[in-house]
Amino acid sequence: MTTKSMTTESDVATSATAAREKLDAHTYETVQWHFHESTGSPFWLEKKAGLNFDPLTEVKCFDDLKKFPLFEDEWLRGGPVRRWVPKGMDGQPTYVFETGGTTGIPKSRVVIDDFRIDYEMFSHTLPDEYFPKGANWLMLGPSGPRRLRLAVEHLCQFRGGISFCIDLDPRWVVKLIKKGWMDHLEEYKKHCIDQAVTILTAGHDIKCMFTTPKLLESLAYGLAERDTSIQEVGITGIFSGGTEFTPQWTRFCVEELLGGPTEESGVYMTPTYGNTLMGLACSRPVTEEEDYKIAYYAPQPRAVVEVVDFDDHTRVVPYAGTGRVKLYTMTKEFFVPGFLERDEGEREEPYSSYPWDGVSGVRPYHAIASQTTVGVY
Amino acid sequence: MLTIPAIRWGKPYTALEKQEVVHFLSGEPIASISQVNGGMLQLDMKKAARARAVLREIPSENLLLMCEKAAELFESAELPMGDGTQSVDDFIHQQSASTGLPEHMCLGNMKKNSFVLANMRQILDALTRGLDLSILGRGYGEEGRGVTVSYQVQSPVLGAVLPNNSPGVHTLWLPAIPLQIGLLLKPGSQEPWTPYRMVSAFMEAGVPAEAFALYPGGHDVGSTLLTRCSRSMVFGSAQTVEQYAGNPRVQPHGPGFSKILLGDDVVDQWEDYLDMMVESVFSNSGRSCINCSGIWASRHTDKIAAALAERLGAVDVLPPEDPDAGLAAFTNAAMATGTWGMVQQDLQESGVTDMTGDYGDRLVEKERCAYLRPMVVHADSPDRGVASKEYMFPFVSVVQCPQKDMVKKIGPTLVGTAITSDQDFILSLTESTSIDRLNIGPMPTNRLNWLQPHEGNLTEFLFRSRAYQITELPSAVGV
């Protein structure tokens, strides 16, 4: 081992210790806010009465969150959504974003500023060379009552650009799949890609985009049919998200859809992992040298990702071990003291830019994988 | 352990994702196979025309000679395979180890594939009714009757989503190469051996590598292949066949529901045909679509079923390397228990009798796999559910049915062997659209004459007869 790498490891360890102290302090402050009568939300104040401990006095650090029962996303179905708004934020303009909802009542999350804060933080991780300040963006993803649509638009505006969008109803996509109407699905996909190609070839000087892996692939084929490519239409920065990101797919995408590695093609793609509950986890740079391994790191201390034992969610697996993804959200607007995602993966070591645990190899949790429709758009 | 890449029009591609092929008894890995995604196939379809172009540069006669050479290599040579080589013995061991088929059956299937390849000239002569193959390559020509004939190629490549456990079916796509059509194959996850070895033999015999694509991968590879390729075959369940029925781009192959029908004129001598009935049910461990799953007669059915049960009921599990092994393993034990559950339901119906019940347990569960021993079931009427069942092990229903009702009751039948001299019965069978391959006389259902089309004529699937008129240009003025 070289002196340099020893120093780096030691630096990461020091940063990790500092990050952990910051996380503990943040946890304490967040719990105080959400469970204090003057600032907490009606939902959590009501829940507090049913707990067998007092969060105000017995949660002093992150590990104390394990005293809470698991967060159940079923709680998010139906109204009144105001019960989720902390009293300390009453009167502020409030959004409601939905997830799911193909059939039945969707899950709702109220948001005031979180999506702006999360995406501004994410903005600082984007290289200006490929996501130029002032550049216009295309949001090639779901429209409707979704956080992602507004978040990407804010990200673009925060960086000085104007964001273009398409119409894409993911609930209709899921219905088409469930009905087995694959011809309709193909036509709907074409309809979405046609919208994107029209925008990209209409002189709007779009350089950056958000999209999902499936749509990115379809866009590449759609452009190829018109004898052009993602590279040729001027896209230099792509921010993408979804559990379908596998190393092999990423390699295929980089080598064959984007024109080669960033330094050759001039196109940079960054995978992300997230949802309406947590926000956005960034990835470590994805490189050929690391076999296109994708490791995600949550925006600590506002959110935390753990990889926990399949049978005991209070136990984190060893580094490189496989387990279920557990999320925590601790912002002033929203509190999730541990939610078991429908995904699994491997626990990753802290990294210099993100000196805390990450998760790699994210894929649908094997026990429920066959019941889950992933990557529908 | 072999590391086997995908092949993208002749170029090996080692993916980051790999799937291990494991020994069905020990779980020991035998090979690690690159897994690609459907998008890659979609992208590569742009180069499909090149596959036909390189084959068209070689006269059909030379391609036929290459087929003969490839047959010899396939059956006898040590061939390149991924990062290593593969001898004939390796091939037999590997195929048996991953599919659960006894080794002598793997050898039998290998010889069948090799036979078809070696006799390609005669097979194509039969399928094309003696057409000069250069007419297919050129697109039009003169057949010798003073008439221009033209065959429009429907696709530069033939796609195939290949099965996991039936190494005999590969004969169906082999004629593509001498027809100057490229091959785009998705190998089965447990049986990559035949397509890889066959492609290796073709290449060693001089067929250009650019004519071949092998895409191991998940379901998205299969669905992309069937969507993007203008002509493809798929091997699967009855549901798969139903899904693609009527789709002119896809030739689906599924359960065969092959049957033996005994005419009233011969049924009293049923014992004379017992050997061919046993062979039809039992060969290749009953796994093929050409295995007999129904024996229909108007009388003596209980005696026929009892005699078959006596011959088949005692057959037991033997190690795969045993030359007497007659049963293939279900490498996924859940498939065996699931099948057993369905059979149990069939037996609940009144009028259905389990004739092998006295010969010991049928379901044999091992640590990592399971077996189903042969079953003979008697049905007192063609209306019993079991009369239209087919399972992936030696299973036959002996069905009592008046001869006059057989044609309307048998349902889809890939191979129908009718043992009769009754000309009226033969005529009604010949006219029936329920039967694909019709054998008149005591021919086991599993013995195919390769000079006959199988589930449609491949040349008619790949080429369409069309008008082609040529007239001379008027002489250019001033020249």
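All of the numbers you see were taken from the coordinates with simple rules; none came from a lab. Not measured: the values here are computed from a predicted model. Cβ coordinates were reconstructed from backbone atoms using ideal geometry, including for glycine residues, and neighbour counts include every protein chain displayed.
Descriptive notes on the structure:
- Value of Rg/Rh across the protein assembly as shown [Cα atoms, Kirkwood radius]: 1.04
- For chain B, the Cβ-based charge dipole about the Cα centre amounts to some 1940 debye (Lys, Arg positive; Asp, Glu negative; other atoms uncharged).
- Projected label distance in nm at residue A:290 and residue A:29, using a 7 Å step from Cα toward the beta-carbon: 2.9
- The count of lysine pairs in region A:74-371 whose Cα atoms are under 15 Å apart, excluding pairs fewer than 8 places apart on the same chain, comes to 5.
- Charge-dipole axis of the protein assembly as shown as Lys and Arg at +1 and Asp and Glu at -1 on Cβ define it, positive-most pick from A:216, A:161, B:227: A:161
- Antiparallel bridge percentage (DSSP; both residues within the protein assembly as shown; nearest 5): 50
- Prolate/oblate/rounded call for chain B, Cα gyration tensor, a/c under 1.5 rounded: oblate
- Antiparallel bridges, percent of DSSP beta bridges restricted to region B:354-479 (to nearest 5): 30
- DSSP bridge pairs, region B:258-440: antiparallel proportion in percent, nearest 5: 25
- Shape class for region A:74-371: rounded, because the ratio a/c of the largest to smallest gyration tensor axis (alpha-carbon atoms, square roots of eigenvalues) is under 1.5.
- Maximal additional length on extending the residue B:334-residue B:368 stretch stands at 11.2 nm, based on 0.36 nm per residue less the C-alpha distance.
- Centre separation in Å (Cα based) which lies between region A:70-138 and region A:272-318: 19
- For region B:408-419, 3J(HN,Hα) computed residue by residue from phi via the Karplus equation (6.51, -1.76, 1.60; θ = phi - 60°) reads 7, 9, 5, x, x, 9, 5, 10, x, 9, 10, 9 Hz, glycine and proline entered as x.
- Whole-Hz couplings from phi, Karplus 6.51/-1.76/1.60, listed for region B:52-67; x for Gly and Pro: 6, 4, 5, 6, 5, 6, 10, x, 4, 4, 5, 5, 5, 5, 5, 4
- The mean number of partner chain beta-carbon atoms within 10 angstrom of a residue's beta-carbon across peptide A:214-223 is 2.
- Under a 5 Å amide H cut-off, with hydrogens placed 1.01 Å from N, residue A:165 pairs with A:139 among residues at least 5 apart or on other chains.
- 5 angstrom amide H check on residue B:439, placed H, neighbours 5+ away: B:416, B:417, B:418
- The GluC sites (Glu not before Pro) of region A:14-112 that meet both conditions, a loop assignment by DSSP and at most 15 other Cβ atoms within 10 Å of the site Cβ, are A:37, A:72.
- Report summary: the helix-based calculation at 222 nm, which adds -39500 (n - 2.57) for every DSSP H run with n ≥ 4 and divides by the residues of the protein assembly as shown, gives -10000 deg cm²/dmol.
- For region B:2-254, the normalised intensity computed at q = 0.11 Å⁻¹ comes to -0.56 (log10 of I(q)/I(0), Debye sum over alpha carbons, equal scatterers, no solvent).
- Charge dipole (Cα centre; +1 on Lys/Arg Cβ, -1 on Asp/Glu Cβ; no other charges) of region B:2-254 amounts to roughly 940 debye.
- Region A:254-328: GluC sites (Glu not before Pro) falling in loop per DSSP and having at most 16 other Cβ within 10 Å: A:288, A:289, A:290
- Charge context of residue B:302, other residues only, Cβ under 15 angstrom, K/R +1, D/E -1: -3
- Student exercise, chain A dipole from Lys, Arg, Asp, Glu Cβ charges, in Debye to nearest 20: 1240
- Rounded to whole numbers, the Karplus 3J(HN,Hα) couplings from phi for region B:198-208 are 5, 5, 4, 5, 4, 5, 5, 7, x, 6, x Hz, using 6.51 cos²θ - 1.76 cosθ + 1.60 with θ = phi - 60°, and x at Gly and Pro.
- Stretch gain in nm, segment residue B:279-residue B:314, where the contour uses 0.36 nm per residue and the Cα spacing is subtracted: 11.1 nm
- By the rule of a C-alpha distance below 29 Å, with chain neighbours fewer than 8 residues away ignored, the lysines paired with residue B:366 are B:18, B:389.
- Close amide H partners of residue B:23, meaning residues 5 or more places away or on another chain with modelled amide H under 5 Å apart, are B:28, B:30.
- Spatial separation of Cα centroids for region B:371-394 and region B:217-290, in angstrom: 16
- Cleavage-rule hits (chymotrypsin sites (Phe, Trp or Tyr not before Pro)) in region A:4-80: DSSP loop, at most 13 neighbouring Cβ within 10 angstrom: A:53
- The longest part of chain B holding none of the exposed loop trypsin sites (Lys or Arg not before Pro), meaning those outside H, G, I, E and B in DSSP with at most 10 other Cβ atoms within 10 Å, is B:146-479.
- Centre-to-centre, using Cα atoms only, region B:190-214 and region A:340-361 are separated by 42 Å.
- If you wrap region B:258-440 in the convex hull of its Cα atoms and look at it from every side, the mean projected area works out to 9.9 nm².
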